[in-house]
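> Next up is a structure, given as structure tokens.
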Amino acid sequence: MSEEASEAEELPVEPFEAAPEAAQEAQAESPAAPDEEEGLTEKQIERRRRKEEQRLAEEAAEAERIRLEEERILAEAETARHVASLWQNAAGNEADAAVVWLHHQGETELGWQSHLKSVDLPEHRCGKVRWLWPRAPYVQSSVRGGAMTYQWFDVKEYPICRVVRGKPDRARLEEDSADVEKAVCRLQAVVRALEVEGVPTNRIVLGGFGMGAGTAIQTVLRAERRFAGAVLCSGWIPCRKALEETMTDEGKLTDILWCHGARDAVVEPRLAAEQARSLKELGVPVSFHMFPEGSFEIGPEV
């Protein structure tokens, strides 16, 4: 072996030492036993304690979220099985397809049962069709000063528009996405009940008027399986931007018929047209119809 190699091997290797401040900072951030805190300042100990408390709180919150989600799924599945069993035990109520229609805020299904009774779906093409008329929860309404109202989700202000005119103009107060999510879950439970009974999603049409239409479109575009279709009358898409993150490829395949009145004073016609156009740009098959003399209603031309 050469003398140079021998000298290299004999060179002492000094251990690497981090700068004192950096070492203390790293030590303060890492978990340690109580006896290891002797060399730390009170500020560093307090920082470590807060970080550990935050970590435990986040873990507990995540565990609670998972538990609640599991309970929700189990409860919905049980509700679906129960509702399906009621239909199965009702003689003569077997169905090949279904239409689920949702009313607007402040209404019930009773008026729509009368209004749409003349709609005739040919049995030779559709089979036996059952109409379902869910009723929204009876809860406090923001736009009605906290009065109890039938509504699928809470609306902060009317009309439903792009911009609230004023000095200065401002954006309209949008609906709460968590509240809309609850409405979607209620409608999904109805759909699951039909599926359990034997009616597949591609034989189910979801439709609605006003707020009911908003709930229907949210449910359709989030669906794991394609629906037979959707019908929106005088409706809008609540929480439009949030919906983009929850849309599914299957949901975007559902054919949508969107009808709106040009004289609608509750849901701005231009907003409805823009929202329908945005869905088309995402590849959703939307057929949008604007009726020149229509208002916030379903007229005979629809």
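> How much length is gained if the chain between Glu46 and Cys126 is pulled fully straight, taking 0.36 nm per residue apart and subtracting their Cα-Cα distance, in nm to one decimal?
The Glu46-Cys126 span can extend by a further 21.9 nm.
> Kirkwood Rh over Cα pairs of the stretch 146-302 into Stokes-Einstein at 25 °C, 0.890 mPa s: D in µm²/s?
Working: Rh = 16.1 Å.
This corresponds to a translational diffusion coefficient of 153 µm²/s.
> Rank by packing, highest mean first: peptides 192-203, 59-70, 270-281, with packing defined as the count of other Cβ atoms within 10 Å averaged across residues.
192-203, 270-281, 59-70
> Given Lys51/Lys241; Lys182/Lys280; Lys156/Lys182; Lys117/Lys182; Lys167/Lys241, which pairs have Cα atoms separated by over 24 Å?
Over 24 Å apart, Cα to Cα: Lys51/Lys241; Lys182/Lys280; Lys117/Lys182; Lys167/Lys241.
> Can you check what the net charge comes to around Gly111, using other residues whose Cβ is under 14 Å from the Cβ of Gly111 (Lys, Arg +1; Asp, Glu -1)?
Here the charged neighbours net out to -1.
> Further question on the same structure: Using only the alpha carbons of the stretch 160-241, what is the convex hull's orientation-averaged projected area in square nanometres?
5.8 nm²
> Give me the accessible area per residue for the stretch 87-166, probe 1.4 Å, as a whole number in Å².
57 Å²
> Given 10 Å bins starting at zero, what is the percent of C-alpha pairs of the stretch 90-204 in each, up to the one with the largest pair distance?
12, 32, 30, 18, 7, 1, 0
> Here's something else I'd like to know. Find the relative contact order for the stretch 165-226 and round it to a whole percent, using C-alpha pairs within less than 8 Å whose residues are 6+ positions apart.
Taking the mean separation of contacting Cα pairs over the length of the stretch 165-226, I get 32 percent.
> Ordered by residue, what ³J(HN,Hα) values in Hz, to whole numbers, does the stretch 178-190 give under the Karplus form 6.51 cos²θ - 1.76 cosθ + 1.60, where θ = phi - 60° and Gly and Pro are x?
5, 5, 5, 4, 5, 5, 4, 4, 5, 6, 4, 5, 5
> Expressed as a rounded percentage, what relative contact order does the stretch 115-239 have, with Cα pairs under 8 Å and six or more residues apart?
Computed value for the stretch 115-239: 18 percent relative contact order.
> Take the Cβ-Cβ distance between Arg55 and Lys241 as r, set R0 to 30 Å, and report the resulting FRET efficiency rounded to the nearest 0.05.
Efficiency, rounded to the nearest 0.05: 0.45.
The values are calculated or read from the model by the stated rules, or taken from the named source; none is laboratory data. Predicted model only: the values in this text are computed from it and were never measured. All Cβ positions, even for glycine, are placed from backbone atoms using ideal geometry, and neighbour counts span all protein chains on display. Remember, those area values only see protein heavy atoms, side chains included, never the ligands or the DNA or RNA. Shrake-Rupley method; radii C 1.70, N 1.55, O 1.52, S 1.80 Å.
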